[in-house]
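The values are calculated or read from the model by the stated rules, or taken from the named source; none is laboratory data. Since we're looking at a predicted model, the values are computed, not measured. Backbone-built Cβ (ideal geometry, glycine too); neighbour counts: all protein chains shown.
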Amino acid sequence: MNQLSVDHLLGIKDLNENDIHLIFKTADNFKDVINRPIKKVPSLRDITVANLFFENSTRTKLSFEIAEKRLSADILNFAASSSSVTKGETLIDTVNNILAMKVDMVVMRHPNPGAAVFLSKNINAKIINAGDGAHEHPSQALLDAYSIREKYGEVAGKKVVIVGDILHSRVALSNIFCLQKLGAEVMVCGPTTLIPKYIAALGVKVENNLIKALQWCDIANMLRIQLERQDIKYFPSLREYIMLYGVNKKILDSLDKEITIMHPGPINRGVEITSDVADSGQSIILNQVENGVAIRMAILYLLAGKIITN
């Protein structure tokens, strides 16, 4: 099967295992492309993509832009902070104005959960969710799982712990869905106040002790504390959080096995991980960044195929 079962990428929840493997296989081909001297292919030459970012982003926005350029798409960039949204324009009006310019695909980040789903039901374009509030971030979960596959050969059977601010993280939820669909075991670890009550219902293990979690896992995906989403204090102090949940080289060296360290970025160096961990041989953080471009090229390419066939 060479087609996705979905018309949009709104969340990992909507994908099946075949979809994920198809995205990975397509990304394998694009990884060869981005490592060539000429890094462009004409696959999206007649496709116009609008990048709509209603929330700040550096890595995801740049990664999608590079992916679009590598595929020869026409690109329209939109930042809410410098647009008519600040004057009270609604989401649907903003997007309809952009679509009037004959846009085929929309990559959108929005602070409200479900914004991408709302858009997909109201406008005639392919929608890629680049993060909706604390809900989902599907392309990040796909590149994370792809990076694990690249390192270990497969994701099935691997033990992955997600450490940190699970409550406010869209990365955590998408990662849980993606890893489980691919047959990995998932654990979350962090202060009780930062672990949502419903999480055990998703079939993940819960651990509050960092050392026990690291001893259990093959891979630790370290999340940053999302202070911008926190309206109350969830732990006494940052210093206490670092003492209990920060990973440094001394902790890694004390484990009886070598584990792999991941991070979706941006890293708060010295908080969730120290620089000697982020830059160590056990870290695949820069591989994640490179794989992000290949995965996003694959997503754009496969959804663009739906424009032609629909």
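Which count do you get for residues in the range 47-62 that are assigned to a strand (DSSP E or B) and within 13 Å of the chain's Cα centre (by Cα)?
Narrowing the range 47-62 to residues assigned to a strand (DSSP E or B): 48-53.
From what's left, within 13 Å of the chain's Cα centre (by Cα): none.
Residues in the range 47-62 being assigned to a strand (DSSP E or B) and within 13 Å of the chain's Cα centre (by Cα): 0 in total.
(1) among the charged types (D, E, K, R); (2) touching an Asp or Glu at 6+ places or on another chain (Cβ under 9 Å); (3) modelled with pLDDT of 95 or more: which one isn't true of E207, the others all being true?
The number of the failed condition is (2).
Criterion first (closer than 25 Å to N35 by Cβ, in the same structural domain as R59 (by TED's automatic domain parsing) and buried (at least 20 other Cβ atoms within 10 Å of the Cβ)) does I295 satisfy it? It would help to see each step written out before you state the result.
Numbers: closer than 25 Å to N35 by Cβ: yes; in the same structural domain as R59 (by TED's automatic domain parsing): yes; buried (at least 20 other Cβ atoms within 10 Å of the Cβ): yes.
For I295, the condition - closer than 25 Å to N35 by Cβ, in the same structural domain as R59 (by TED's automatic domain parsing) and buried (at least 20 other Cβ atoms within 10 Å of the Cβ) - is met.
Is it the case that T94 is surrounded by 14 or more Cβ atoms within 10 Å (Cβ to Cβ), of a type in the set (S, T, N, Q) and not assigned by TED's automatic domain parsing to the domain that holds R149?
Against the criterion (surrounded by 14 or more Cβ atoms within 10 Å (Cβ to Cβ), of a type in the set (S, T, N, Q) and not assigned by TED's automatic domain parsing to the domain that holds R149), T94 qualifies.
Assess whether I162 counts as being within 17 Å of N248 (Cα to Cα), touching a helix residue (DSSP H, G or I) at 6+ places or on another chain (Cβ under 6 Å), touching a residue at least 24 places away in the same chain (Cβ under 8 Å) and not hydroxyl-bearing (S, T, Y). Reasoning before the result, please.
Working: within 17 Å of N248 (Cα to Cα): yes; touching a helix residue (DSSP H, G or I) at 6+ places or on another chain (Cβ under 6 Å): yes; touching a residue at least 24 places away in the same chain (Cβ under 8 Å): yes; not hydroxyl-bearing (S, T, Y): yes.
Yes; evaluated as a whole, the condition is true for this residue.
Which of the residues belonging to the range 118-149 are touching a residue at least 12 places away in the same chain (Cβ under 8 Å) and out of contact with any strand residue (DSSP E or B) (no Cβ under 8 Å at 6 or more places or on another chain)?
So the first thing to find is which residues in the range 118-149 are touching a residue at least 12 places away in the same chain (Cβ under 8 Å), and the list is 118-120, 122-149.
Result: F118, N122, N124, A134, H135, A141, L142, L143, A145, Y146, R149.
Of all residues in the range 92-117, which are under 19 Å from the mean Cα position of the chain (by Cα) and among the β-branched types (V, I, T)? Talk me through it step by step, then tell me what you get.
Residues of the range 92-117 that are under 19 Å from the mean Cα position of the chain (by Cα), as a first pass: 105-117.
Those that are under 19 Å from the mean Cα position of the chain (by Cα) and among the β-branched types (V, I, T): V106, V107, V117.
From the residues in the range 1-24 that are assigned to a helix (DSSP H, G or I) and in contact (Cβ under 8 Å) with a residue 24 or more places away in the chain, which one is nearest to the chain's Cα centre (by Cα)? Outline the logic, then answer.
Looking only at the range 1-24, we keep the residues that are assigned to a helix (DSSP H, G or I), and these are 12-14, 17-24.
So of that shortlist, the ones also in contact (Cβ under 8 Å) with a residue 24 or more places away in the chain come out as 12-13, 17, 20, 22-24.
Values: I12: 10, K13: 13, E17: 17, I20: 14, L22: 17, I23: 14, F24: 14 Å.
Filtering first and then ranking leaves I12.
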